[in-house]
Every structure is written in C-alpha cells, then in structure tokens.
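**Q** First the structure, which I've put down as structure tokens, then a few questions once you've had a look.
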Protein chains: 4
Amino acid sequence: MYNFKNDYSEGAHPRILDKLIETNLIQQLGYGEDDYSKEAKSILKKKIANQQAVIHFLSGGTQTNLLVISFLLRIHEAVISAKTGHISANETGAIEATGHKVITVETSDGKLTPNDVTTVLKEHALAPHVVKPRIVYISNSTEIGTIYSLAELEALYVCCQQQQLLLYLDGARLGHALTAENNDLTFAAIAKYTDVFYIGGTKNGALLGEAVVFNRPELAVDFDYAIKQKGALLAKGRVLSIQFLTLFQDDLYLELALRANSLAMRMAKAIKDKGYSFLTESTTNQIFPILPKSVIEALLINYQFYIWKDIDSDYAAVRLITSWATDEKQVTNFINDILNS
Amino acid sequence: MYNFKNDYSEGAHPRILDKLIETNLIQQLGYGEDDYSKEAKSILKKKIANQQAVIHFLSGGTQTNLLVISFLLRIHEAVISAKTGHISANETGAIEATGHKVITVETSDGKLTPNDVTTVLKEHALAPHVVKPRIVYISNSTEIGTIYSLAELEALYVCCQQQQLLLYLDGARLGHALTAENNDLTFAAIAKYTDVFYIGGTKNGALLGEAVVFNRPELAVDFDYAIKQKGALLAKGRVLSIQFLTLFQDDLYLELALRANSLAMRMAKAIKDKGYSFLTESTTNQIFPILPKSVIEALLINYQFYIWKDIDSDYAAVRLITSWATDEKQVTNFINDILNS
Amino acid sequence: MYNFKNDYSEGAHPRILDKLIETNLIQQLGYGEDDYSKEAKSILKKKIANQQAVIHFLSGGTQTNLLVISFLLRIHEAVISAKTGHISANETGAIEATGHKVITVETSDGKLTPNDVTTVLKEHALAPHVVKPRIVYISNSTEIGTIYSLAELEALYVCCQQQQLLLYLDGARLGHALTAENNDLTFAAIAKYTDVFYIGGTKNGALLGEAVVFNRPELAVDFDYAIKQKGALLAKGRVLSIQFLTLFQDDLYLELALRANSLAMRMAKAIKDKGYSFLTESTTNQIFPILPKSVIEALLINYQFYIWKDIDSDYAAVRLITSWATDEKQVTNFINDILNS
Amino acid sequence: MYNFKNDYSEGAHPRILDKLIETNLIQQLGYGEDDYSKEAKSILKKKIANQQAVIHFLSGGTQTNLLVISFLLRIHEAVISAKTGHISANETGAIEATGHKVITVETSDGKLTPNDVTTVLKEHALAPHVVKPRIVYISNSTEIGTIYSLAELEALYVCCQQQQLLLYLDGARLGHALTAENNDLTFAAIAKYTDVFYIGGTKNGALLGEAVVFNRPELAVDFDYAIKQKGALLAKGRVLSIQFLTLFQDDLYLELALRANSLAMRMAKAIKDKGYSFLTESTTNQIFPILPKSVIEALLINYQFYIWKDIDSDYAAVRLITSWATDEKQVTNFINDILNS
C-alpha cells in the first residue's frame, strides 16, 4: 500500500537529520536562544526582504494559528476565514477555545476576496451585539490546492488596510504555492502584502516546525510570553531552528516543494488525459480528481488516499497528495493504473 | 564557558538520532497513529505495570500540564500546587489562561502533604464564592531537587481519594527522582498512587517529548480532541514516539538519569566537604548550594549557572544542574575550583 | 414617535413594582437564598410539573445562554444552533468567548430538525480534528417569530437522546410561543422534552430576569459556582425572584404574552388584508412584513421599528414587535396608517 | 434575629423605587441608551470632576471586576491584588476564568503600597516564563474595612504610572470610604489618581448596580462589546441608570454611607469601651471585633453575623456590617448586649 494521503508520512529531509547529528552535543541556550535560531532568522529575513521582521519558530500549524490569532485579537474581536480554511474546518475549535469567533465565508475556490471581507463587515455593523472583525485569515496554497496571485493578495491587503483589519496568511504549504506553475508571488511579496504569515516546515521536509513572521515588529512585542503560555516554547529550541536553517540556507525549501508539485501535476495530467474532471483547479501538491467509484475501489487496493466528497451515485472526488519524499515509481505506477482503468 | 544552567543544553541521546535516521523514510500514519507510537505505548504499559493505562506523547512540560489540567477540570474547579510548583512559578499563567485558578501552598521542601490539602479544602468551604479544588498537582523530583517517598505519595493519594480529588504528578524529571539514592518509588508505584502523571523526556535525553499516562482510562476519553485543540498534535507523531521507544526499550531512561544524579552528587559532596551548606536537601540532578558571593563570581568566569536566591550580603544560593550529557571533565574541573576556592 | 422596535421599551408590570415596594425593608439572605426565591421556585416546579427540576434566576438572556452552555460543555465540545439563533447572531461571540464553537445551520424558519442535527453529526465525524457536538440550542419562539409544535419538539428531543446530545431551549419569548394561536406545547411539555430551558422575564413584563430550569437535577450540580464566577450572582437575589413570584403566582405571565401576541396579530391581519406578504410565518409578537419602501418611509415618521432585510429595489422586510405594555391606540393608529397607505 | 451579616439584606432606598414607578411606562431605548443613563452619567461626570470620563452601569461587583480586568489585559498579562482583595478571595476564580492570573500580596491591612508593587515586579522579571503584571487592583474601603488616604493613593498611582501599570479601584463600598471620619479623599481625587474605578450601588442603597468609570477615555473604546459579550448588557438599562440618577442627583449616596458608618462606629465604640480589641482598624461600616467565644455565642441568639477568624481557644474575630437600612434600635440593643456581656 502506498500512501498518497498526506505530505507528512515520512520523517525529515536527510540533510536536516545530518545537521541535527552534527550539532548534537554542542551546548546551546534553551528556549529559542540558541545560535541556530539566530542564524536561521537572519537567513529568513533576507529571503523575505524584510530586516524589520520578527520571527519565531513553532511546532505545528494549529499551534501557530491559535497563537497568532489569540495574541492579536482583543476579547471582542473575531477572525474571518473561508469555510474551507484550516482554522474553520480542521482544528477542533482551537480558535474558539481561545475565546474568539471564526466568521466563515462560503467560497468556491477556498480564497477570500475584498468583496467577501466588506460583506462580512456589513453583516457585523450592529455593534455591540456582534463581534468586531479584526483579522482576515487566508491560506496559500489553500486547503483545496488553489493559490493566490500577486494581484489578488495585494488587493486583499489594500482592503484590509482600509478597513483596519490585519491580514494573516497560513503558509502550511507556502512552498507549494510559491513553486506552482501559475504563481507570481515571492517570499518578499508575501511579506509586503500581509501583516503576519507563517512558513510551513512540517509539510515540506521538516521533522516538525513552522516559522511565524511578523512583518510589522510592533505586532510581535511580548509574543514570547504567549508562546510560553500556550505550551509552545520548546526547551530545546534547536530542534526547530535547525529545520529552517537547513531548508533555507540554500533553496532546498523551494526545491522540495517544486518536486512535490511536479509529481502531483504528472498525476493530474494523466487523470485529465483519461477524461476525468477535478473538484478544484489545483496547481499544487494536493489534487482533487472526480473518479468513478469503481476506479476508486480498484485504486484503494494499492494506494491510500482520502475520499473527499461524494458527487453522485457513480462518482466521488478524492484527494491525492504528493511530497518531497514521494516515490517517483509509485507515481508512475499510479498513472499507469489510472490510464488502464 | 561550561553550562550547568539546565539539563537541555544539548540535543538528544545518539541512539535516538540513530533511530530517527533508521526509520526516516518508512511511511507512517500521521497524528500519533504511527507504528512506533503503538510500540512505545506497549513498552511503557509494561514498565508501569498498568495495561489499562492510556498514554499520549506530547512535546513539552507546560503543554502537558495545561492540557491535562484544563481537560480534567470543569469551569469552576481549581488545582492545588506548591508555590514552587512549575505550574505556579514557571509557566506564564498557562493554567489560568485555560480558565482555572492555581491555589498555592507555601512549603519548605517543594512537596505537598495531606495536611496541606485538607487545609486548602477548609479555606475553600464557602461555596459558591470560592473555586472548588479538584486536582492536586505535584512534581517528582520537585523544582528544588527533592523527591517523594513511597509512603508520602501513598498517603497523599489516599487523602485525594477520600476528598474526591485527582492526583496529578509532573514527571519532567521523573527519571532523576526514581534513580536518586534515597528513592523507594518505582514506575509501577507512581502509576498506582496517582491518577495521571507524565514521564519527562526533554530533560533526560530526548530531543523533545513527554509521555502522559492516564492510569484510569475513563479519565482519558476524548483527550485526543484536547491535544488537537491546544495545538499539541504533531502531524509527524513519530518524532515523539521514537524518543520514548528508544529510551524505554531497555533501561536507557533510568541509566541517563542515574548518570546525571551521580555527577550532581559528586559536586554536592565536594561542596559539602568544603563546608558550604545547601538551600534544599536535593538528591537529584539539581543542587542548590549556598556559596560566598566571591566564590560565585570566580566560578562564573568558567561556568554558567543561575543565581537562585540572595541569602545575605555575603552569600547567595545558586542552582547547578547536570544531565545525561554533562562532561565529566567539566564536573571534575568544577569540583577542583570549589575545593580551591 | 411610538416604539415598535422591541418588547423591552417600558419598565415592569405594575404588580411587580408593587411587590418590590411591599417587601422592600424585610431583611432577607443574599445571593438567591431569599424567601421569595424559594417560593417562586416552588411555584415554577408546579407549573412545569417537574418537582425534580433545579431552578436559578439570572439577569438576562445572553448571560443565561453563556452560563448554561459553558457549564455543560467540556472543552472540546460544541453547540449546534440555527444561524438565526440568538447565540449565533446577537450575542457578540459570548459562547465562543467561553471557549466553544457554535456550529450553525441555515434554516428557512429559524427552527432545527432531527435531520439538521444528524447532518451536523456526519460533518463532524473526523475526530479529533473537529469539535464534538454536544448541545442542541433552539429558541421558542424563534428570533423570527415562529414556534415549535409538540411533535417537532418531541422528535428533536428523541433524536438528541439517541445521539447523546443535550437539548437546550432558549425561552426569551417562551410566553409568546405558548400563547400563540397555533401552539400545542405547555410548560410541562417543554420540561419533558428538553434537558434545560429558560423562561424569559425581561421580554414579558419583568424589570429583568430569566428563570433557568434544569429538568434533570444531575446536570445542575455546582451550577451555583458558575453563576458566581461569571458575575451573575446578584447580592440582592430578591430583585429577580420577585419578578417570577409575581408573574407566576397566577397566570399573569401567559396573560401578558397573549396580549402582546393579539396586538401583533391585529397588525398582521391588517397588513395581510392590505395585500402585503411576510418574510416569516410568525404567530407571535414579532412580525416581519414586506412593505414598499415608500410605505416604510411614511411609517417611520410616527413609529420606530427595525428595517430587517432589503428585499429588492422597491421592497424591504421590517420587524414590528408588540409587548405586554404596547398601547392599543397606537396599534390602531398603525393599522389605519397601513390601510391608508 | 437581626442581620448584621451584610449591607444588602434589604431592597432599595425608597426614593429609587419611587423613581422606578414614576418612569415605568415611559418608552425608552434599550441597552443603556435610555435618557436616564445619559442624565446619570452627566451628573456623575460632574461629581468626579472629569468630563472626559466614560461611564457604564453594570449589575454587580464581580461582573464589573471581571469585565474591566479581562478587557484591559492582553493574554499574557496579570493583575496584582492584596490576598484579601475581593477578586482573590471571594469571586470563584472569576478573573482566572477569563484567562488571567491574580498575583496576590500578603498584607496586614488589606491595602497595597508602591513597595508591594515593585516587589511583585522584581519577582516577575524572568520573561517570558512568568506573567507580565499590568493592573494593580485595590479596594476602597477594603474588604476588612480600612481606607486609603489621599497620600497613599497618589503614591500608588505615581508608582503605577512609572511602571506602566494601570490602577483600578474597586469601589463596592466607596461611599463608606469617602464618609469615614479619617478620610481625606474625594470623588475627584479618586478619578485623578486611578485609571479606572467603580462606584458601588448594591451595598449602598441601590437595588443593584455599579457604575464603572474609565478616567481615560481611550481605555474604554469598545468596552460596550465586552459588556454584551459577558452577558452584562441589560435590555432594560433603565433599571441600572435610575439607581444612580437617584443616588447622585443630590447627596443621597454619601448620606446613606455616612449613616451606615456612624452606626458601625457606635458599635465599635461600645466594643472598645468594653475592653475588646479589633482585628483591623476599620473606620467604615464593616468592623471586626475580637470577642470571647462565650459572648459570641450569646449574641448569636439575637443577631446574625459572620465568625470571621478563629484567634485562639477563647477568642474569635467576627464581622459586623451596618448599612443605609440598618435599624437604629437594633444597634442600640446590640450595644447594650455587648456592654452587659
């Protein structure tokens, strides 16, 4: 059985493990004050072209989302998200557990537009009987594989600025977004057109770890207290910083994501060639083909993947995910199985 | 400069890194459903002699404490802790941030007794104007290096049972407690005389990780939701389970702790021989000698450690910590420096 | 300008004020231990035909909702509500502020059905990545004037029982529901087919106050702690108990509601006679006629009311509310203004 | 049995009830937008000599404390209180339930000094492992009957300003403080030397109600959202505003408090004359005499009061409270019983 269920089925890219071994017995300060943290942050600030940025390393996406959002909101404020957004659909009420409402917007492509935002604001005009929207949460790539263009992100950010909203981007799969064939964003553009974002490590070759970036340093003051309070401050911060040091000291991060995307696009092309359609227009490492149930059943003998959504009595959409570690031979096998289905 | 500040200055025991490399590219299910989790839990249940136990792997001590306590308490309930307890003194209000008061008790040795507990209950009799105590939180070894005896733990547990309180033991340094020269507790006794406890990995050779054990399975129902909600569910759960699999498949965990204790006791003996006294009667890897300030100043040239408490104009107490990774030569150097001081 | 905006524009029914004066200087115990509380609770238990019920008096609807829901839910659990439900639409994220997600369901009539509930359960099957639904929240009458029938409530309760869900009914306007012309529910039926409900005083003649009823006493254990903790325990509990003692020692509560309904139905009949339609099929004291904007503009000269929803360029729905204190002459005037419009 | 247990055993001052009746059927806007709120706020701003102040009316002390503190603190911040402070000792963890630690200070007289504050700051220097103190909470009069002098309050405020702390004064019994024989504070001085304070109604003649005053308007922005969210926004805000309109349109508030103090001082004088000592040096309406247990037993036949603290085998301290409504004859009786004891 080969696993196309997710992009975290394997451990870490071998160069990360090498670095862990190489540095293992060098004494370092705890709690993120290690030398590797300093070095990794310095490299990241260059990559995003923002020397003012404040960066912290955290362990996972839900942890990062709940920390950033609960830290930036006051008690009566809320966050706006697409209904498919990770904080709405997949995090066990983590945001609500910190006291804040997630206002959801139905979308076809998992992305928010300025119009979505202003509609929500109109619906929340009757102060003080409703929450006050304050953060706009987006994901890039989204939970259904789509990506934001530079123009889209800039327009959304301008809207947020006008409405005194903060724009926060969940980059659990940011590498996959930035290496998609139709992408025109860069790390620097992300840093320019968001207030806070995070660069996901876990789903792109790290053992664990997400790097949260406050583009405006004043937003980050005292964030270290919050990290400790929510149980996210690792005693051995080196575990996290070494992931990012390795992934970003050259272009490894983008190379790994590009590889994952390429394999997904190979699979997508075969599926399209075979005449099947897709639930979403993904150009990244998650694809959602709509397949006959008989084909799905046959594929499930050799491959693991999620059945995403029932379409009708004959068809269902499935989710296939590739990663930095996906075996090319298995992709070729899968393509052959599709073509012969 | 050699670091005696803490027991997490280095990475992981090399065998853990070996195991990470060995298993790195084997596909596993995410979110703690990996094979190594199953194996590690199975081994741990044997060690604690409780096949009914429910075990989860988490990343750090504060995370574990806030998860266990917020999960077990209802909104009006509170936790009792020694004032020196980690949840009271070192966790940035993590418990209060989940909505619960930490009722603190002044102690001389960092340990709670049945009398402490019943006194707190008497002081919280005026329902509903006060919180309702429900959990008793203890640490073993404590934050000041002392340990519980079997008789003490059993008496405390009996008291908790009589008063319908839950007993939760923070085992961030449980290995050091169980290998102290004056210890008469075992893993099995800990499991028998607490409701929930955790076995600390971070401070005893793991890269990160704590194993929380619910001795009564009914207390653990739905705990997985809480793990996810608080951002503590790692996508690559293997990172955590491999730590415990390696530390517990033989006696490595206890061996590492014993080594740390032995080095600390060597230092303690030299300090005592030199005629200095101690703030607490530690038999574990944290010692708190009271030294002349001139001696402290001289030692700080070559060694890093915390100045714990000002005693008078001439003396201060310092904290010295050893670990599985402490360099024996540095211990010898330190002892010589003390003896020549 | 006459106010049809709400049912809390005036003070209290005069008999309540009389009773406050009559009892004013009689010393009573504080915090809900007064004699009037005991008497009012005794009367209410008879009205609802449940001697086992546990009853508390609180100050307002949002306070009652957040108290009941936060008290009954564990940290990972959530409440299901119609999107129009008060906890979803009008309470400034009060439930989320206590840490819990409100799962919303789109409805046409503001009511939940067993099918709605089971659909939500299906959508929340992927534990532990989603919250666990535990309470079903309904309002009767609803926020848009509709009511539940006995058959509907019973079916919903049976569904909840089967799914191990609690059914909680918000009775801010329960009197108006029970005196609607198409109603077949009673206090006793409400008590039988819900786990917890509250009887609204504020919107039906009380100066303030809601009576929350736990039909199963085991659910109410320790609720007094929660009342105090959330700032809802009035020192002079007599203020609340005297409201309910007066409203329920005979049939005043239902009489007042019936009066409000009758006046609303008179207005509704005239509006229908004139040929206008309605947004919802209300039989209670809130009606939502769809009127030409020119008519609305003319009416707003003499009357205050909310413009509820824009329908098209010519029409909008408005909300008209009557109460126990509504001036009949003003109703007649309004009807004439409608008929002459 | 006559009740000296508290100052809320009776209803409201008759002039408040008169005003409720007089205004009862006048239609008013809901949620604190009524004319009486405007008028009462205008009067209060004059009394405190601060036209910039923002004032809101709430129902009770715990509600006010939790609202103000949770609104002003960010997630990692904490409040400092005397151990006897109401938020520490009597509110069922209400502050912790909003996510914040209450840092307590042992005091002999229930009051905080600049030295107390700077000591707490020193003990919370190890960021980010401890909470960040941000609010200093004091009560005047205190929970044990003592009061702050002008010099003490000013010194504390200057300290808070220097340390970037907010000073919040709980005035549940502010009237009693301001009419104590040794008082030199005024409403204007309170407004000048605190950031936020509240004027208690419930314990000084109101049916219910506390007036919270933000002396610096920028601190109050959006506070109305918080009021609604925590269930504290009464639909009929007139219930609260009429209390304060009546108490403050002339000097009724201070007159009522002065009366309560005078009666308590009469009792205190007799107790002192008889040769008994006191637990605290109260000059307000709560006194804490230390009496022989045999005397206490005899008094409990005719009077209700709290036994506050066991002193030794023969003596205990009791708490006696008088109010605006206390019967002078009962005070005389009590005095005679003491003198004859």
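**Q** Which residues, counting only those in segment B:190-248, are among the aromatic types (Phe, Trp, Tyr), more than 14 Å from chain A (Cβ to nearest Cβ) and open to solvent by less than 10 Å² (accessible area, probe 1.4 Å)? I'd like the intermediate steps shown before the answer.
**A** Restricting attention to segment B:190-248, the residues satisfying the condition of being among the aromatic types (Phe, Trp, Tyr) are B:193, B:197-198, B:214, B:223, B:225, B:244, B:248.
Of the ones still in play, those that are also more than 14 Å from chain A (Cβ to nearest Cβ) are B:193, B:197, B:214, B:244, B:248.
Across segment B:190-248, the qualifying residues are B:PHE197, B:PHE214, B:PHE244, B:PHE248.
**Q** Here's another thing I want to ask about it. Checking the conditions here, which among D:ASP314, D:ASP273 is of a type in the set (Asp, Glu) and in contact with a Pro (Cβ under 7 Å, 6 or more places away or on another chain)?
**A** Numbers: D:ASP273 fails: in contact with a Pro (Cβ under 7 Å, 6 or more places away or on another chain).
One residue alone meets the criteria, D:ASP314.
**Q** For segment A:97-107, state whether one or more residues are surrounded by 24 or more Cβ atoms within 10 Å (Cβ to Cβ) and away from chain D (no Cβ under 14 Å).
**A** Yes: segment A:97-107 contains one or more residues that are surrounded by 24 or more Cβ atoms within 10 Å (Cβ to Cβ) and away from chain D (no Cβ under 14 Å).
**Q** Another question about this same structure. Tell me which residues, restricted to segment A:14-30, are open to solvent by 20 Å² or more (accessible area, probe 1.4 Å) and either within 9 Å of chain B (Cβ to nearest Cβ) or acidic (Asp, Glu) (or both).
**A** A:PRO14, A:ASP18, A:ILE21, A:GLU22, A:LEU25, A:ILE26, A:GLN27, A:LEU29
**Q** List every residue pair whose Cβ atoms lie under 8 Å apart, where the two residues are 6 or more positions apart in sequence or sit on different chains, the first residue falls within segment B:96-124 and is outside the structural domain of B:ILE75 (by TED's automatic domain parsing), and the second residue, located anywhere, is surrounded by fewer than 16 Cβ atoms within 10 Å (Cβ to Cβ) and part of a loop (DSSP other than H, G, I, E, B).
**A** Within 8 Å, no pair qualifies.
**Q** Are any of the residues in segment A:291-308 within 14 Å of chain B (Cβ to nearest Cβ) and of a type in the set (Val, Ile, Thr)?
**A** No.
**Q** Now for a different question. Quick one: in segment C:31-46, of everything that is surrounded by fewer than 19 Cβ atoms within 10 Å (Cβ to Cβ) and of a type in the set (Asp, Glu), which residue is farthest from the other protein chains (Cβ to nearest Cβ)?
**A** That would be C:GLU39.
**Q** Condition first: out of contact with any His (no Cβ under 7 Å at 6 or more places or on another chain) and open to solvent by less than 60 Å² (accessible area, probe 1.4 Å). Now tell me which residues in segment B:280-297 satisfy that.
**A** B:THR280, B:SER282, B:THR283, B:GLN286, B:ILE287, B:PHE288, B:PRO289, B:ILE290, B:LEU291, B:PRO292, B:VAL295, B:ILE296 - these are the residues of segment B:280-297 that are out of contact with any His (no Cβ under 7 Å at 6 or more places or on another chain) and open to solvent by less than 60 Å² (accessible area, probe 1.4 Å).
**Q** For segment B:266-276, state whether one or more residues are assigned by TED's automatic domain parsing to the domain that holds B:LYS38, part of a helix (DSSP H, G or I) and either free of Cβ contacts under 8 Å to residues at least 40 places away in the same chain or aliphatic (A, V, I, L, M) (or both).
**A** Checking segment B:266-276: not a single residue is assigned by TED's automatic domain parsing to the domain that holds B:LYS38, part of a helix (DSSP H, G or I) and either free of Cβ contacts under 8 Å to residues at least 40 places away in the same chain or aliphatic (A, V, I, L, M) (or both).
**Q** Now for a different question. Going through segment C:219-245 one residue at a time, which ones are touching a residue at least 12 places away in the same chain (Cβ under 8 Å) and of a type in the set (Ser, Thr, Tyr)?
**A** C:SER241
**Q** Please pick out the residue among A:ALA125, A:ALA78, A:ALA94 that is open to solvent by less than 10 Å² (accessible area, probe 1.4 Å) and more than 11 Å from chain D (Cβ to nearest Cβ).
**A** None of the other options fit; the residue is A:ALA94.
The rows are residues; the columns are (1) open to solvent by 10 Å² or more (accessible area, probe 1.4 Å); (2) at negative phi; (3) in contact (Cβ under 8 Å) with a residue 24 or more places away in the chain; (4) more than 14 Å from every other protein chain (Cβ to nearest Cβ).
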site: C:ARG134; (1), (2), (3), (4): yes, yes, yes, no
site: C:SER139; (1), (2), (3), (4): no, yes, yes, yes
site: C:THR142; (1), (2), (3), (4): no, yes, yes, yes
site: C:GLY145; (1), (2), (3), (4): no, no, yes, yes
site: C:LEU169; (1), (2), (3), (4): no, yes, yes, yes
site: C:ARG173; (1), (2), (3), (4): yes, yes, yes, no
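**Q** Anything in segment C:299-341 that is aliphatic (A, V, I, L, M) and over 17 Å from C:TYR8 (Cα atoms)? List them, or say none.
**A** The answer is C:LEU299, C:LEU300, C:ILE301, C:ILE307, C:ILE311, C:ALA316, C:ALA317, C:VAL318, C:ILE335, C:ILE338, C:LEU339.
**Q** Another question, if that's okay. Say whether the condition of being under 19 Å from the mean Cα position of the chain (by Cα), free of Cβ contacts under 8 Å to residues at least 40 places away in the same chain and either open to solvent by 50 Å² or more (accessible area, probe 1.4 Å) or within 12 Å of chain B (Cβ to nearest Cβ) (or both) is met by at least one residue in segment A:47-61.
**A** For segment A:47-61, residues under 19 Å from the mean Cα position of the chain (by Cα), free of Cβ contacts under 8 Å to residues at least 40 places away in the same chain and either open to solvent by 50 Å² or more (accessible area, probe 1.4 Å) or within 12 Å of chain B (Cβ to nearest Cβ) (or both): absent.
**Q** Of all residues in segment D:327-341, which are in contact (Cβ under 8 Å) with a residue 60 or more places away in the chain and in a helix (DSSP H, G or I)?
**A** Residues satisfying the conditions are D:GLU328, D:GLN330, D:VAL331, D:ASN333, D:PHE334, D:ILE335, D:ILE338, D:LEU339.
**Q** In segment C:24-61, what count of residues is obtained for those that are under 22 Å from D:GLU10 (Cα atoms) and out of contact with any Lys or Arg (no Cβ under 7 Å at 6 or more places or on another chain)?
**A** Of the residues in segment C:24-61, 18 are under 22 Å from D:GLU10 (Cα atoms) and out of contact with any Lys or Arg (no Cβ under 7 Å at 6 or more places or on another chain).
**Q** Within segment B:7-38, can you find the residues that are more than 24 Å from the chain's Cα centre (by Cα) and among the β-branched types (Val, Ile, Thr)?
**A** Once the filter is applied, which keeps residues that are more than 24 Å from the chain's Cα centre (by Cα) and among the β-branched types (Val, Ile, Thr), segment B:7-38 yields B:ILE21, B:THR23, B:ILE26.
**Q** For B:ASP273, are the conditions met, namely being open to solvent by 30 Å² or more (accessible area, probe 1.4 Å), over 19 Å from B:THR326 (Cβ atoms), more than 12 Å from every other protein chain (Cβ to nearest Cβ) and not aliphatic (A, V, I, L, M)?
**A** yes
**Q** Hey, can you tell me all the residues within segment C:306-320 that are in a loop (DSSP other than H, G, I, E, B) and open to solvent by less than 90 Å² (accessible area, probe 1.4 Å)?
**A** C:ILE311, C:ASP312 - these are the residues of segment C:306-320 that are in a loop (DSSP other than H, G, I, E, B) and open to solvent by less than 90 Å² (accessible area, probe 1.4 Å).
**Q** Also, quick follow-up: In segment A:323-341, which residues are open to solvent by less than 10 Å² (accessible area, probe 1.4 Å) and under 14 Å from A:PRO289 (Cα atoms)?
**A** A:PHE334, A:ILE338, listed by residue number.
The values are calculated or read from the model by the stated rules, or taken from the named source; none is laboratory data. The model shown is predicted, which means the values in this text are computed figures rather than measured ones. Neighbour counts run over all protein chains shown; Cβ positions are idealised from the backbone, glycine included. The protein model used for the area step is the full one, side chains on, heavy atoms only, and it has no ligands, DNA or RNA in it. Shrake-Rupley method; radii C 1.70, N 1.55, O 1.52, S 1.80 Å.
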